[in-house]
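Reading through the structure tokens given below for one structure.
The values are calculated or read from the model by the stated rules, or taken from the named source; none is laboratory data. From a predicted model like this one, the values you see are computed outputs, not experimental measurements. FYI the Cβ positions are ideal-geometry reconstructions off the backbone, even for glycines, and counts take in every protein chain you see. Side chains included, ligands, DNA and RNA excluded: accessible areas come from the protein's heavy atoms. Shrake-Rupley method; radii C 1.70, N 1.55, O 1.52, S 1.80 Å.
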Amino acid sequence: MKSTGIVRKVDELGRIVLPIELRRTMNIDVKDALEIYVDGDQIVLKKYEPSCIFCGNAKDIIHYKGKNVCSACAHELGLL
């Protein structure tokens, strides 16, 4: 993992501020969802990308009855 050298404090509500430079670099906009992972003693933030519940593909996602399904799986299931 690459260090940015940026240090931020956690406020009373447990929040941190992601610097604008990082948000621009990682294409994170206001109200974008971030996934939170734990890897040993590290917390990892990743921009949330909805993926297909069947194959995990994150491209050409459609929402079918509250679930994310890619177009290939939707065709295979006869949904399209």
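Observations, loosely collected:
- Extreme residue, most open to solvent (accessible area, probe 1.4 Å), among residues of the stretch 40-68 that are out of contact with any helix residue (DSSP H, G or I) (no Cβ under 7 Å at 6 or more places or on another chain) and among the aliphatic types (A, V, I, L, M): 43
- Residue in the stretch 29-73 that is farthest from residue 2 (Cα to Cα), counting only those that are of a type in the set (A, V, I, L, M) and part of a loop (DSSP other than H, G, I, E, B): 53
- Test result for residue 37, open to solvent by 90 Å² or more (accessible area, probe 1.4 Å), of a type in the set (Phe, Trp, Tyr), touching a strand residue (DSSP E or B) at 6+ places or on another chain (Cβ under 7 Å) and free of Cβ contacts under 8 Å to residues at least 12 places away in the same chain: yes
- Test result for residue 24, part of a loop (DSSP other than H, G, I, E, B) and either surrounded by fewer than 12 Cβ atoms within 10 Å (Cβ to Cβ) or small (Gly, Ala, Ser) (or both): no
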